[in-house]
Amino acid sequence: MVRNRRFMIVTIVLSCLLLFGAIAAQVPSPAVAAMSVRDALFDAQASLIRGDSAGAELALHEAQASFTASLAPTFRQFAPDSAATIEAALVAANTSVSNGDGVALAAARGEVYAALMSGGTQVVFAALADGDGDLAARWLLLRDFRPSTRFSRPDADATLAVQAVVDGTGTTDAALNAVRADLFDTYQALLNTALANADEAGQNGFRIRQAEEAGLAVGYFNLLAVSYGEQRGADALTTAKTAFADLQNAVITDDHAAYELARANVNTVLSGFRAAPLSDAEAARRAGQFTRFIALVPVEYARGVRNGEVVNDIEIQEALTFHEGASAAFADLRAILETQDPTGTDQIAALLATALDQIRNTADPAALQATVDTITAQMDVLTPAEWQTVNNDSDVDVIYTILDQVVAAAEQDEYALAESSRLEAYAMLEFGMEQRLRGFAPDKAQTIESLFWGGTDSQAGLATLIGSQATTAEVTAAVSVLKVALADAQTFLSSANYAPEVVIGNAGIIVFREGLEAVLILASLLASLRSGEERKFRRPIILGAGLAFGATAITWWFATQILLSMMHLGERLEAIVSVIAIGVLLVIMNWFFHKVYWTGWLANFHQKKQRLIRGARLAEVTQVAGLVILGFTSIYREGFESVLFLQSLLLEAGASTVMQGVALGLLGVALVGVLIFFLQVKLPYKKLLIVTGMMIGVVLLVMVGNTVHVLQAVGWLPITPVQGMYVPLWMGQWLGIFPTWQGLILQFVTMIYIFGSYYLAERSIHSKRDQSMKRQQISTAGP
């Protein structure tokens, strides 16, 4: 009996589990549910075109049911605006079917689809704001994608950022920023595509297609409306929404004049708007792409045209490809450029259109060259100086495109053209990033050059394959390997070339060295105040020292804020700060060797202290204030120097890494302070100063090497590689040693300066000692 009951219980439990599993399996994912709604609306459109109103109504019912069952509950909770838009559009779709109005139905279809994308985006934003990575990952699948081209490659930043939240390795703020940038950039591109498609459909008389594209444009803009409102305000947003509504109504009513007016208004409200603004680095990369692509257009075109006739179709296609690349880069930059000079920006757009017409109409190559020269000159006027510097990312983008042309030529058995493109790609490499690679990573430079020419042990070179007219598969494989090597080199040049442990150690040495001097100065000032009457003077000096510590922290905060305000300078800021820090450190090293601290600086503090203590005529308040100032100035000088030295490390490695070194150095200073002030331990001060001085000398050599590296990276110093010299990566990261003549020579000169200063200081001390002994001997001998 008991066995039968157990069997029944197990059977019931298993049946429930199977039932729940079946129910769960029937619940579609958000992306699948959205596609079901879109497919049902398409079926409704097709049925209405065939005159099957009943079929259209049934399909609309399926769309409504799919939305209500799978998407509506979440939309109403996290994206109520999108839910309301979809429900209103579905009502409009029902009305359109009842009236037999296919154009209105198409407009509703487009609006529903865009609202589905908008709702999915809002759910992802809300989920990340709540820290729910799993929900965000599930709903991120409900999205559209920007078509991938050779100039706009797929970006997985949003997916990777959300997955990092799920894995616990990323923050929700970082994921939210990545998702916002990715989706907004995608949907603005799709908005522009929808508007262009609506224009084209209208010109061809395809009203249903035009209505659907207009509906998509309205929906995509609604998705971007939050960014538009943040940038331009509520009134401007209202105006923009009105313009898009007018555009959709003009299509539905088939009013061409109203459409043209609404379209012009849409262009006006979108002028200069970018939902996901480019960062400075991205803008510089796009500008570099534009400059390189547009310069290649007349070169390729001139190779394909002779006496007004096309003699090589592939060269013309390459010219069109590079024009497309320049136009894509310009489209990304246009919103930024219009804020500076809308007229000049429009002129560039018009000139790009002129260049395209010249290519298509087989114009004189000289005329195309003149157009491109004008474009380049106008672009130079509009773009900031920092956009016009060497950009490795832009170089690699262009090289990728040219290598694609190598493959295209090989596919058509045009190996002479493939070789021409290979040489063109190699020239772009040689005059761009290769010089930096030879200076900083010669092994990577050698590998890439080998892949361009004769090859490596594991891969035949591109020149060899083209020369032997290898198969397209072999050429494609070689190009793929070459692209991987270029990407690796690009990552190396863009990443930090330092070891975090070195930065931590250097920061710790600087803080410990300066802190040790501060402790010894304070101990020296307090040492003579031992009597009962004099001990009262210790407190003001200690108070001043404490205030100096607080002032140092404030100085650190102000210094970092100033640097943050200048971060747009990028690596140039690091170069400037590093040069200043090196200059001050050289002076300090020289002072140290000449014992200025202890014979001059420290003696000056003692003289001030004695004047204040013995100043019987001074009021007590004045006396105390003077001692506080004495304690403050004796310590703050060391703190100020530490802040200055640490700024270059801060720019190199970031605050978190530097602060670890600061904490380590402060711990060492605290231990010394405890030994001196509390335990009264007599330490070998002179040996400590000598050892830390030597360590500072090593830090100085590393800092010089890294600073030369940065100066070369920003183009302020030339790069002359030491031929045949191989320097492992760890030597650059740990010692600041790179195989360039400039870096090695300046590090050698710095070493000579350090030892020379020490030698001259010792010689001066011995000379003064000898002269003093001679004077004593003369004085003792008498007349």
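Give the long-range amide H neighbours of T740: residues separated by 5 or more places, or on another chain, with amide H under 5 Å away, using H modelled in the peptide plane at 1.01 Å from N.
V722
Can you tell me how the range 154-251 classifies by the Cα gyration tensor, rounded, prolate or oblate, using a/c under 1.5 as the rounded cut?
oblate
Can you list, largest first and rounded to whole Å, the semi-axes you get for the range 247-307 by taking the square root of 5 times each eigenvalue of its Cα gyration tensor?
In descending order, the three semi-axes are 37, 23, 7 Å.
Sort the range 272-421 into rounded, prolate or oblate with this rule: let a ≥ b ≥ c be the square roots of the eigenvalues of the Cα gyration tensor; rounded if a/c is under 1.5, and if a/c is not under 1.5, prolate when a/b is larger than b/c, oblate otherwise.
In terms of gyration-tensor shape, oblate.
With a Förster radius of 41 Å, plug the Cβ-Cβ distance of S53 and A350 into 1/(1 + (r/R0)^6) and report the FRET value to the nearest 0.05. List each step's numbers first, then the result.
On the way: r = 48 Å, r/R0 = 1.18.
For S53 and A350, the calculated efficiency is 0.25.
What distance in nm separates the two pseudo spin-label positions at E200 and F42, each 7 Å out from Cα along the beta-carbon direction?
For the pair E200/F42, the computed spacing is 1.8 nm.
Which FRET efficiency, nearest 0.05, do E411 and N307 yield, Cβ-Cβ r, R0 25 Å? Intermediate results must be reported in sequence, preceding the final value.
Numbers: r = 28 Å, r/R0 = 1.13.
FRET efficiency, E411 to N307: 0.30.
Send over a whole-number figure in Å² for the accessible area per residue of the range 310-377, probe 1.4 Å.
Accessible surface, normalised per residue, equals 43 Å².
Measure off, as a whole percent, the carbon and sulfur share of the 1.4 Å-probe accessible area of the range 276-322, all protein chains present.
47 percent
Can you give me the % of accessible surface on the range 162-205 that is carbon or sulfur? Probe 1.4 Å, all protein chains present, nothing else counted.
Numbers: 860 of 1940 Å².
Carbon with sulfur: 44 percent of the solvent-accessible area.
Using a 1.4 angstrom probe, figure out how much accessible area the range 173-277 has per residue, in square angstrom, rounded to the nearest whole.
With the other protein chains kept in place, the range 173-277 gives 43 Å² per residue.
Using R₀ = 56 Å, calculate the FRET efficiency as 1/(1 + (r/R₀)^6) where r is the Cβ-Cβ separation of Y753 and T68; round to 0.05.
The computed FRET efficiency comes out at 0.10.
Say each of R360 and V381 gets a label point 7 Å from the Cα, pointing the same way as Cα to Cβ; how far apart are those two points in nm?
Once both label points are built, they end up 2.7 nm from each other.
If you roll a 1.4 angstrom probe over the protein chains with everything in place, what fraction of the accessible area of the range 70-128 belongs to carbon and sulfur, to the nearest %?
Within the range 70-128, the accessible surface is 49 percent carbon and sulfur.
First check a/c for the range 70-208, with a ≥ b ≥ c the square roots of the eigenvalues of its C-alpha gyration tensor; if it is under 1.5, answer rounded, and if not, answer prolate when a/b is larger than b/c or oblate otherwise. Before the final figure, lay out each step's value.
Values: a/c = 3.70, a/b = 1.53, b/c = 2.42.
The shape class here is oblate.
Suppose all protein chains stay in the model; what accessible area per residue would a 1.4 Å probe give for the range 54-120, in Å²?
Heavy-atom accessible area per residue stands at 36 Å².
What whole-number distance in Å separates the alpha-carbon centres of the range 62-100 and the range 306-324?
Taking the Cα centre of each part, the range 62-100 and the range 306-324 sit 50 Å apart.
Could you state the orientation-averaged shadow area of the convex hull built on the Cα atoms of the range 41-120, in nm² to one decimal?
Working: hull surface 17.3 nm².
For the range 41-120, averaging the hull's shadow over all directions gives 4.3 nm².
The values are calculated or read from the model by the stated rules, or taken from the named source; none is laboratory data. Computed from a predicted structure; not experimentally measured. Virtual Cβ from ideal backbone geometry, glycine too; neighbours counted across all protein chains shown. What goes into the accessible areas is simple: the full protein's heavy atoms, side chains included, and nothing from ligands, DNA or RNA. Shrake-Rupley method; radii C 1.70, N 1.55, O 1.52, S 1.80 Å.
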